[in-house]
1. Counting each pair of different Cα atoms once, what's the Kirkwood radius of the range 1-98 in Å, rounded to one decimal?
2. So which lysines can LYS178 reach, going by Cα to Cα under 18 Å and dropping same-chain residues fewer than 8 places off?
3. Please report the carbon-and-sulfur percent of the accessible area for the chain; probe 1.4 Å, protein heavy atoms only, DNA, RNA and ligands left out.
4. Treat the range 121-246 as a sphere of radius equal to its Kirkwood radius over Cα pairs and apply Stokes-Einstein at 25 °C in a medium of 0.890 mPa s; give the translational diffusion coefficient in µm²/s, rounded to a whole number.
5. Starting from the Cα of LYS74, draw a straight line to each of the lysines and keep only those under 20 Å, dropping any in the same chain fewer than 8 residues away.
6. Find which of LEU89, PHE180, GLY193 sits farthest along the positive direction of the dipole of the chain, computed with +1 on the beta-carbon of Lys and Arg, -1 on that of Asp and Glu, about the Cα centre.
7. So what's the gap between the Cα centers of the range 152-214 and the range 1-50, to the nearest angstrom?
8. If you take the beta carbon distance between LEU233 and PHE102 as r and set R0 to 41 Å, what does 1/(1 + (r/R0)^6) give as a FRET efficiency, to the nearest 0.05?
Amino acid sequence: MIKDRILSVDVFRGATILLMVLVNTPGTWSNVYAPFLHADWHGYTPTDLVFPFFLFIVGTSIAFSYKNRSVDVKAYKKIAIRALKLIALGLFLGAFIIHFPFFKSFSDIRFPGVLQRIGVVFFFAALLFINLNWKQLIWVTAIVLIGYWLLMTFVPVDGLTSTLERAPNNLANWIDVKVFGSHNYKADYDPEGLLSTIPSIASSLLGVFTGLILTSKQEKKATILMGLGGSLLIIGHIWDIVFPIQ
């Protein structure tokens, strides 16, 4: 820790930003290295890790910032204002263009987005953190992930069995089209849509757990984090057999 900052988190944040820059500016879009492209649908590439990494960092920041904060109206207000600022900034950047009339027509504005999701995830993760202990947060994380899996695989869509493929009877896609209409990233889905924000909260809570470990008096923190991270990685790839990463 240097001047009350945790070096490992700063390095991780910097590496994530570097990867984001490489992904967004690959040099030429006509010939991009495969790791700098998103997976077609299932699976993941390094590019697909950028946004989850940012959500993870949001969680660690919550643990650092709110660990010893009192739970009062002022805390709730601060959390809500910060979340609304992120959402508003995301909507503004999504609507803004650099030439006259400087804003897209309303029908072309995308409502979901990266900053919007960060704002929503921060809001819920922060509220959960200041109101629950770490054991309760573990249960919430498990319920969120398992609940999302059950919704996506067992809830029928318009009388059809739900699919995990890119199709109209994919529950997450169906909800985004019904709620946002033409204001999605694509006509049939949005990668930062409503239902898929649920597991994103779990990504941030994993960052919260990491922040708690880093600020604890535990010995061999690196060993603990490597063990937990490796275990979760294995569990995730085993779960991928029945619930593909997407």
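1. On the way: mean 1/r = 0.0609 Å⁻¹.
Its Kirkwood hydrodynamic radius stands at 16.4 Å.
2. Reachable lysines: LYS186.
3. Working: 10520 of 15080 Å².
Exposed carbon and sulfur together represent 70 percent of the surface.
4. Details: Rh = 16.3 Å.
Here the translational diffusion coefficient equals 150 µm²/s.
5. Candidates past the 8-residue exclusion: LYS85.
6. Checking the options against the dipole of the chain, the answer is LEU89.
7. 22 Å
8. 0.35
The values are calculated or read from the model by the stated rules, or taken from the named source; none is laboratory data. None of these values were measured; they are calculated from a predicted model. Every residue, glycine as well, gets a Cβ built from its backbone with ideal geometry; the counts of neighbours run over all protein chains shown. Each accessible area value is taken on the protein alone, full model and side chains, heavy atoms only, with ligands, DNA and RNA left out. Shrake-Rupley method; radii C 1.70, N 1.55, O 1.52, S 1.80 Å.
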